[in-house]
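Here is the structure we will look at.
Throughout, read-outs are computed from the coordinates displayed, never taken from laboratory work. As the structure is a prediction and not an experimental result, all values here were calculated from the model. Every residue, glycine among them, receives a Cβ derived from its backbone with ideal geometry; neighbour counts consider all protein chains shown.
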């Protein structure tokens, strides 16, 4: 299951994670966000223990999206060892997300 991240817990949950992290920036009113949500949830279940999958609602969190210059949603940010290493803007397919996460696990 995806973990919810907010302005208050982002540093602790994402930046201090010992495993790679995928953060899905989304909003309830966003059609493309709803389109990729099942894919993100599926990856969260399938890769549990290897990666941490988080969701950040841009309507409730404002500091984190501003810090990472989130201008369009959905935006997927990939972190390893507290560093932003990759970004995907817009809806994408499962294979693209999985390939990026697998590369973070093996690097």
## Note on the structure
In this structure, the FRET efficiency calculated for residue 81 and residue 27 from their beta-carbon separation, with R0 = 30 Å, to the nearest 0.05, is 0.60
### Message
Please list, by residue number, everything in the stretch 90-107 whose backbone N is under 19 Å from a paramagnetic label point 7 Å out along Cα→Cβ of residue 18.
### Response
104-107
### Message
If R₀ is 22 angstrom, what is the calculated FRET efficiency for the pair residue 6 and residue 35, using the beta carbon separation as r and rounding to 0.05?
### Response
0.40
### Task
Could you line up 62, 75 from fewest to most neighbouring Cβ atoms inside 10 Å?
62, 75
### Task
Mind checking the full-extension length gain between residue 91 and residue 69? Use 0.36 nm per residue of separation minus the Cα-Cα distance, one decimal, nm.
6.2 nm
#### Entry: Size descriptor, Kirkwood hydrodynamic radius, that averages inverse alpha-carbon separations across the stretch 3-106, Å
13.4
